[in-house]
Amino acid sequence: MTANKPKDIIILNGPPGSGKDAVCREFCRQFNVEHLEVKARLFDLALSISGLEPSVWWKLYNNRETKEQPTPLLGGLSPRGFMIYISEEVMKPLYGADYFGKFAAKQAAQSIKHCVIFTDGGFREEVKLLSAAGNVHLVHLYRDGYSFDGDSRSYLSPDEPFLSTYLRIDQVEGDLSYACSQLAGHMVEWWSK
């Protein structure tokens, strides 16, 4: 990347289970890209508010089953529900819908990589702020049987004026190579301009 070329920021936007993390891991492995999360600040808050030891929190959160199960450790909420509650009922009403986007934009701007990838972009107000840190590339991931039902996020509009490019990837269960090749081809084409 030349010194005057803006950073590229990829937003993987899809429902839980659509393959965002798997696509991100493979893409980061193939290219010199850094994985960042809009919810990094939210994790800090959840750990602090819950009072749980980090090892206990991550054991609950990183397991697909316990992530969705209510637990008395979190006032009867599931780890995912606890995060949604903190985000949507506490922080955003008090500090604005772009609260987490401000932290994400700062992470992106401070990254030494020419390209960063976020696996949790699902709110317009947050992604809009990222455009101040570079070119924002929106990637919708679709997979049969997966939706945003019960989630506070949704698909972002590909027509937003702050987006540089848009790509839709329809995935087949278990075919990670297709999604990665589509994303790689899209970004290589963009980088060659």
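The values are calculated or read from the model by the stated rules, or taken from the named source; none is laboratory data. Since the structure is predicted, the reported quantities are computational estimates derived from the model, not experimental observations. In this analysis, Cβ positions are derived from the backbone assuming ideal geometry, glycine residues included, and neighbour counts consider all displayed protein chains. Each accessible area value is taken on the protein alone, full model and side chains, heavy atoms only, with ligands, DNA and RNA left out. Shrake-Rupley method; radii C 1.70, N 1.55, O 1.52, S 1.80 Å.
Looking at the structure I just gave you, is Ser87 of a type in the set (Ser, Thr, Tyr) and either modelled with pLDDT of 95 or more or not in a loop (DSSP other than H, G, I, E, B) (or both)?
On the way: of a type in the set (Ser, Thr, Tyr): yes; either modelled with pLDDT of 95 or more or not in a loop (DSSP other than H, G, I, E, B) (or both): yes.
Here the answer is yes, as Ser87 does meet what is asked.
Pull up segment 126-159, narrow it to residues that are in contact with a helix residue (DSSP H, G or I) (Cβ under 7 Å, 6 or more places away or on another chain) and surrounded by fewer than 18 Cβ atoms within 10 Å (Cβ to Cβ), then point me to the one that is nearest to Leu183 (Cα to Cα).
So the residue we want is Ala132.
Residue check: is Gln69 surrounded by 13 or more Cβ atoms within 10 Å (Cβ to Cβ), more than 20 Å from Lys128 (Cα to Cα) and of a type outside the set (D, E, K, R)? Show your work before the answer.
Values: surrounded by 13 or more Cβ atoms within 10 Å (Cβ to Cβ): yes; more than 20 Å from Lys128 (Cα to Cα): yes; of a type outside the set (D, E, K, R): yes.
Against the criterion (surrounded by 13 or more Cβ atoms within 10 Å (Cβ to Cβ), more than 20 Å from Lys128 (Cα to Cα) and of a type outside the set (D, E, K, R)), Gln69 qualifies.
Within segment 45-63, which residues are assigned to a helix (DSSP H, G or I) and free of Cβ contacts under 8 Å to residues at least 24 places away in the same chain? It would help to see each step written out before you state the result.
Quick first cut of segment 45-63, residues assigned to a helix (DSSP H, G or I) only: 45-50, 54-61.
Leu47, Ser48, Pro54, Ser55, Val56, Trp57, Trp58, Lys59, Leu60, Tyr61, listed by residue number.
From (1) under 19 Å from Asn32 (Cα atoms); (2) in contact (Cβ under 8 Å) with a residue 12 or more places away in the chain; (3) hydrophobic (A, V, I, L, M, F, W, C), pick out the condition that doesn't hold for Val188.
The one condition Val188 does not meet is (2).
Examine segment 44-60 for a residue that is at pLDDT below 95 and within 22 Å of Val90 (Cα to Cα), and state whether such a residue exists. Spell out the reasoning first.
Initially, segment 44-60 is screened for residues at pLDDT below 95, giving none.
The answer is no, given that none of the residues of segment 44-60 is at pLDDT below 95 and within 22 Å of Val90 (Cα to Cα).
State the number of residues belonging to segment 136-167 that are in a strand (DSSP E or B) and either acidic (Asp, Glu) or within 16 Å of the chain's Cα centre (by Cα) (or both). Show your work before the answer.
Just the residues of segment 136-167 that are in a strand (DSSP E or B), to begin with: 136-143, 163-167.
Going one step further and asking which of them are either acidic (Asp, Glu) or within 16 Å of the chain's Cα centre (by Cα) (or both), we end up with 136-142, 163, 166-167.
So the count comes out to 10.
Scan (1) in contact with a Cys (Cβ under 9 Å, 6 or more places away or on another chain); (2) at pLDDT 95 or above; (3) not acidic (Asp, Glu) for the single condition Leu138 breaks and write down its number.
For Leu138, the failing item is (1).
Would you check which residues across segment 160-173 are open to solvent by less than 50 Å² (accessible area, probe 1.4 Å) and charged (D, E, K, R) and list them?
Glu160
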